[in-house]
Amino acid sequence: MSQFAIFVLYPDAQSAVSGLIDNDLGFIDRTTLGAGREAQTIIDTALHTGELRYAVTASSTWEHLEINVLR
């Protein structure tokens with residue numbers, strides 16, 4: 001019995017979330033999902049239907065915006 005993984009590329013996070021909810025895929029990692037509206041959609045669906053599991057984990061990643069203003 002051989003096991004293999006199929007990797008699917010989605011154009012954006014919302015498409016990936018739709019694929020997860022529609023059972024077209026079984027896993028989304030945090031690099032695809034992020035922490036915005038798509039994550040909330042998964043949490044809401046999981047709480048409402050009980051068909052999804054999710055895990056919220058801390059991350060040391062942060063965004064930094066630096067602007068140099070010249071006069």
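The values are calculated or read from the model by the stated rules, or taken from the named source; none is laboratory data. Only a predicted model underlies this, so the values are computations on that prediction, with no experimental measurement involved. Cβ placement follows ideal geometry from the backbone for every residue including glycine, while neighbour counts extend to all protein chains displayed. When the accessible area is computed, the model is the full protein with side chains, heavy atoms only, and any ligands, DNA or RNA have been set aside. Shrake-Rupley method; radii C 1.70, N 1.55, O 1.52, S 1.80 Å.
Annotations
- Checked against the criteria, Ala5 does not count as at pLDDT 75 or above, among the small types (Gly, Ala, Ser) and open to solvent by less than 50 Å² (accessible area, probe 1.4 Å).
- Considering segment 16-48, the residues that are under 8 Å from the mean Cα position of the chain (by Cα) and surrounded by fewer than 15 Cβ atoms within 10 Å (Cβ to Cβ) include one that is modelled with the highest pLDDT, namely Asp29.
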